[in-house]
Structures are given as C-alpha cells and as structure tokens.
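Report on the following structure.
Every number here is computed from the coordinates shown, using simple stated rules; none is lab data. From a predicted model like this one, the values you see are computed outputs, not experimental measurements. All Cβ positions, even for glycine, are placed from backbone atoms using ideal geometry, and neighbour counts span all protein chains on display.
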Amino acid sequence: MTAYVIRYADRAARCKAALGTAQRASLEELEKRLSLNPFGAPAKSHRDNSWSAAFEGGFIQYVVSNTHVVINVIDLVAA
C-alpha cells in the first residue's frame, strides 16, 4: 500500500510551524498513522467529505484525494 503524502494549506502550515516541541511530536505521530490510513482511527468523518483527527492539544481538519494519494490539511487548531 502506498503511503499518502500530507500537504498543508498556508494557514495550517503557519500554525504547524508555531507548535511547541511536545505538540509537534504528537502531530508527527498522527501524521505517520494518517499517511498509512487517513480514514482509520483516530480520524472522524464529517458529512462534507472532510475528516478531522486530534493530537496533543489540538486537531487537524483535512480532505483526502485518493486519485493523487494526498491528504490536504485545510486547518490546524492548537491550544
């Protein structure tokens, strides 16, 4: 199975860059899991074809392109 590439929209990328060490490590672990299966736990489906998944102190919202094997992170919220 091919791993999905994860891309961040500009705002989400800026939020990711501002994360502290612990949150960044937690997000990186989440990215590893999602790259192998963006639809499995801990992902939650929404009715608008978007998904969300939590990491320590935050969550990401994303859409998936199966055609291009890409996860597009459209938002990242962190406390």
So what J values fall out for the range 40-54 if you push phi through Karplus, 6.51 cos²θ - 1.76 cosθ + 1.60 with θ = phi - 60°, rounded to Hz, Gly and Pro as x? x, 4, x, 5, 10, 7, 10, 5, 9, 6, 9, 10, 9, 8, 9
About the Cα centre of the chain, how large is the charge dipole given +1 on each Lys and Arg Cβ and -1 on each Asp and Glu Cβ? Please answer in debye to the nearest 20. 60
Calculate how steeply helix 21-36 sits against the longest principal axis of the alpha-carbon atoms of the chain, using the helix alpha-carbon long axis, and give the answer as 0 to 90 degrees to the nearest 10. 0
Once all Cα-Cα distances of the chain are split into 5 Å bins that start at 0, what whole-number percent is in each one? 3, 16, 30, 28, 16, 6, 1
Would any residue of the range 56-79 have its amide N under 19 Å from a label point 7 Å out along Cα→Cβ of Val5? List them or say none. 62-75
